[in-house]
1. Q214 versus R70, label points 7 Å from Cα toward the beta carbon: distance in nm?
2. Report the accessible area of D121, computed with a 1.4 Å probe over the heavy atoms of all protein chains in place, in Å² rounded to the nearest 10.
3. Based on the Cβ-Cβ distance of E60 and R468, what FRET efficiency does E = 1/(1 + (r/R0)^6) give at R0 = 51 Å, to the nearest 0.05?
4. Tally up the carbon and sulfur contribution to the accessible surface of the chain as a whole percent, 1.4 Å probe, everything protein left in place.
5. Trypsin sites (Lys or Arg not before Pro) within region 470-513: which are DSSP loop residues with at most 12 other Cβ atoms inside 10 Å?
6. Using the structure shown, select from K240/K553; K466/K553; K653/K721 the pairs with a Cα to Cα distance greater than 19 angstrom.
7. Could you give the length gained on full extension between E531 and E479, defined as 0.36 nm per residue of separation minus the Cα-Cα distance, in nm?
8. List the trypsin sites (Lys or Arg not before Pro) within region 50-158 that fall in a DSSP loop (any state other than H, G, I, E or B) and whose Cβ has at most 11 other Cβ atoms within 10 Å.
Amino acid sequence: MTPGGRYLLIALATPLRRLFTYLPPADPDTAGTALQPGQRVIVPFGSRRRVGSIMGHSNEAVVDAGRLKRISSVIDEQSILPDSHLALLRWASDYYQHPVGEAVFTSLPARLRQGAPAILDVPRGWQFNPDGPAVDMPRPGARAPRQAELLALFENRYPATLTATDIAAAGIGNWRAPLKALAERGWVREVALNDRYRESPPLEQPLTLNRYQQQALAAIRDSFGRHRAHLLEGVTGSGKTEVYLQATAAVLEQGRQCLLLLPEIALTPQLVRRFERRFGPRLAILHSGLTDTDRCQAWLRARDGSADVVLGTRSAVWTPLKNPGLIIVDEEHDLSYKQQDGFRYHARDVAIMRAYRESIPIVLGSATPSLESLLNAGQGRYEYLPLPERAGTAKSPDLHVLDIRQSPMRGALSEGFLKMLDDNLAAGRQSLLFLNRRGFAPVLLCHECGWTATCHRCDTAMTYHKQRQRLCCHHCGHEHRRPDTCPGCGGKLIEVGHGTERLEQTLAEALPAARILRIDRDSTRRRGALEDLLRSAHSGEADILVGTQMLAKGHHFPSVSLVGIVEADGGLFSTDFRALEHLAQLIVQVSGRAGRAEHPGTVVIQTHHPDHPLLRTLTEDGYPAFAKAALAEREMLQLPPYSYLALMRAEAKQSAAAERFLQEARQLIPDTADVEVLGPVPAPRPRRSGYQRLQLLLQSPQRPRLQRILGGWLDGVEQLKSARHVRWSIDVDPQEMG
Ligand code: ADP
Ligand code: ZN
Ligand code: ZN
C-alpha cells in the first residue's frame with residue numbers, strides 16, 4: 001500500500017474477506033491524498049450507502065478504474081483510530097481469519113459504527129458569578145425556591161466549580177431546569193472542566209503490601225516501558241486486586257494509561273468499587289448497562305487520554321488508548337474472553353499481542369491459570385509471580401471429596417452432606433451450593449412409554465422450569481408449555497435429574513428453617529435483580545446460597561464457610577478435552593468464595609468417582625499439582641497447548657450438504673501443508689435449531705505452520721459451489737469443541 005496513492009482502500013462491515021477500492025470524494029476541498037487511515041467515510045455500496053473506514057491508499061485499481069465509485073462524503077476530519085490500532089485489527093483479522101471490515105467495525109462503539117461524530121463532550125460544571133446579572137433583576141426568592149436554594153449553594157461554595165454529581169450530592173433534586181434559568185440570567189456561569197478531574201483525591205489509600213505482593217509489584221514496575229508478560233498466580237484473597245491497584249497507580253504516575261479486562265462487571269462489584277475509590281473520575285468503565293452514547297463517550301475519553309484507567313469486559317480490548325502503559329487481564333483463564341461467534345477472537349490473546357506491539361507489560365492474573373499460560377510461564381516466556389498466601393489472616397479452605405456411591409440421597413444431596421449443611425446452619429454460618437444447571441429438571445420422561453421432551457430443532461432434552469411451568473431448550477431458546485400428561489400415551493410424566501430450582505426445593509424441604517437464596521440466570525432476569533440478591537446474600541439475610549456459575553466468579557461472601565459442589569461427575573468424563581481443566585478451575589474458584597476472614601472454609605465435592613486421579617491430585621495437592629499432571633496428559637496426547645487447532649464448522653438442513661462441503665474443503669488443503677486433518681465428523685452437538693452440524697479439525701504442532709495455510713485455503717473454500725448451501729465458519733484456537 002503506497003501512502004498517498006490515487007485510490008482509497010476502505011473497510012466495510014461485510015462478510016467479504018477483503019478491502020474495497022474507491023475514488024476520492026468529488027469535493028475539491030478533500031484531496032484523496034489528504035485522507036488518512038482511520039478516517040470514516042460514507043460510500044455507495046450496492047444500492048445503499050454505508051459507513052466505511054479508510055485503511056490505506058493504493059495506486060492500482062483492482063477493477064477497471066472507470067467503474068470505480070467515489071467516496072460520497074468524509075465523516076471525520078481526522079483519523080479516529082491510531083495506526084497501531086488499525087495494525088492490531090489487521091493482525092487479528094488475519095490471525096482469526098475474520099473479514100477485516102467486520103473486525104474493524106466490531107471494534108467500534110455502536111454510535112461510531114453508525115456514523116455518529118466522534119466528539120468528546122467536555123464535562124461541564126457551574127460556578128457562582130460574583131458580578132451578577134448584566135441587567136438589574138431581583139434575586140430569586142420564595143416564588144422560585146429551587147433557584148434560590150441552588151443559588152445559595154453556588155454562592156456558599158464560591159469559588160468552587162460544581163459538577164452535576166456535586167449538585168446531586170448536595171441533595172437538591174430536579175435541579176436542571178432551575179439551574180438553566182440561573183445560568184441564562186447570569187447568576188451562575190458555565191465552566192468547561194478539562195483538568196479538574198486529575199485533582200480529586202482518592203477516597204481510599206493503598207494498603208501496605210506483604211512480601212509476595214511487593215515482589216510482584218516490583219517485577220511489574222521493572223518492566224514498565226517495554227514488553228513483558230507476567231503471570232500473577234494467587235488464590236482468591238491473596239491480594240491480586242491490591243497488586244493491580246498499585247501497579248495501575250504506578251503507571252499513572254508515569255503519565256500513562258492502564259487497561260484492565262474482567263470476565264464480567266456485574267459479578268465483580270467489589271473490584272469495581274475499589275477501582276472507583278482509588279481512581280475516581282480518572283476511571284472509565286465500559287459495562288453493558290451503558291447507553292450507546294455513554295459507551296461512545298467512555299471510548300473517546302480513553303482514546304483522548306482523559307480517562308487514565310479503562311475497565312471493561314472482552315470487547316474493551318479494542319479500546320484505543322492515547323498513551324498505553326499497562327494491560328491487566330483478571331481471571332485470565334475465563335472462557336468468556338473467547339468470543340464464540342462472529343469475530344472469534346480471544347481477548348486475552350489479543351491483549352498479549354497488543355502489549356507486545358505497543359512495547360508495554362501485561363499482567364495475567366488468576367487463582368487458576370489456564371494451562372496455556374502455565375506452560376508459557378514454565379518455559380520462561382512469561383514471568384511467574386506467585387502470591388502463595390492469603391492476605392491478612394484468612395486460611396485456605398479444605399477440599400473434601402465426598403463419595404456418594406450407595407449413599408442415601410435426598411434429591412441431589414447425600415444425607416451426609418445435608419447433615420453438614422444442617423450443622424453449619426445451627427452454627428449460624430452461611431453455606432453455598434454450586435450446580436451448573438438452571439431450571440427444575442433437565443429431563444421430563446414418560447414413565448409409561450419412555451417418551452422424553454426433546455427440542456425438535458436440536459434433538460436434545462428440554463429442561464423443565466417449574467416456576468414458569470415451561471419446557472425450555474437451553475441450546476436454541478425454544479420453549480413451550482409443559483404438557484400435563486405424555487403426548488404419546490397419556491401416561492404420567494416424571495422429572496429426572498436436578499437443576500438449581502429443584503435443589504432449592506430439596507433444601508427447603510430438608511432444612512425448613514433455612515433461608516435460601518437462588519442466584520442464576522432465571523432469578524436475575526429483571527434489571528437490578530442480581531444486585532439485590534447479592535446485597536441480601538451479603539447482609540446475612542440468607543443461610544444458603546444456591547447458584548450456577550454466576551456464583552463462582554469474582555464475588556466474595558465473607559461469611560460462607562461451607563461450599564458444596566453438588567455434581568462433579570459431568571466434568572470428569574466429557575468428550576471435550578478441556579472439560580477437566582474447567583472443572584478444576586471451577587472447583588477452586590467456587591472454593592474461593594468461602595472462608596474469608598476468620599472462618600476457614602470447607603469445600604465438599606459430591607462424586608461417584610472419588611478415585612479419579614486428577615480429582616484426587618486437585619483436592620490433595622492443589623491446583624498447581626493438578627495443572628502439572630493435566631499438562632503432562634496434554635503433552636502425551638499432543639493436545640493444546642502442545643499443538644494448535646483450527647476448527648471449521650458447517651451447518652445445513654441436510655447433513656449431506658454439510659458433509660459434501662467439508663469434504664471438498666478438505667480436498668483443498670495442500671498436501672504440503674503438514675497439518676493433521678480430522679473429519680468431517682458430526683459436531684458433539686450434532687443438531688441445533690433445526691440444522692445438522694459437522695466439523696473438520698486442523699491440528700499442527702506449530703502455530704506458524706497452521707497460520708501459513710489458513711488464509712489461502714479459505715480463499716479457495718469461499719469459491720466452492722457447495723459453500724453456498726451451508727453456513728460455515730472457522731474458529732482459530734477454539735475453546736469449545738462443540
Ligand atoms: P484477590 O484479588 O487475590 O482475591 P484482594 O486484593 O481482593 O485479593 O485481597 C483480599 C482481601 O485482602 C481484601 O479484603 C483486601 O483488602 C485484603 N488485602 C489485600 N492485600 C492486603 C495487604 N497487603 N494487607 C492487608 N490486607 C490486604
Ligand atoms: Zn408416554
Ligand atoms: Zn433447541
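1. 6.9
2. Approximately 100 Å² of D121 is accessible to the 1.4 Å probe.
3. In this case the efficiency is close to 0.25.
4. Details: 16230 of 33470 Å².
Roughly 48 percent, rounded to a whole number.
5. Values: sites: R470, R481, K492, R502; in loops: K492.
Sites meeting the loop and neighbour criteria: K492.
6. On the way: K240/K553 15 Å; K466/K553 26 Å; K653/K721 17 Å.
Among K240/K553; K466/K553; K653/K721, the Cα-Cα distance tops 19 Å for K466/K553.
7. Details: separation 52, 0.36 × 52 = 18.72 nm, distance 2.73 nm.
Difference between extended and current length: 16.0 nm.
8. Values: sites: R50, R67, K69, R70, R90, R111, R113, R124, R143, R146, R157; in loops: K69, R143.
Here the trypsin sites (Lys or Arg not before Pro) that fit, given the DSSP loop and packing criteria, are R143.
The values are calculated or read from the model by the stated rules, or taken from the named source; none is laboratory data. None of these values were measured; they are calculated from a predicted model. Cβ atoms come from the backbone with ideal geometry, glycine included; neighbour counts cover every protein chain shown. The area values use the complete protein model at the heavy-atom level, side chains included, leaving out ligands, DNA and RNA. Shrake-Rupley method; radii C 1.70, N 1.55, O 1.52, S 1.80 Å.
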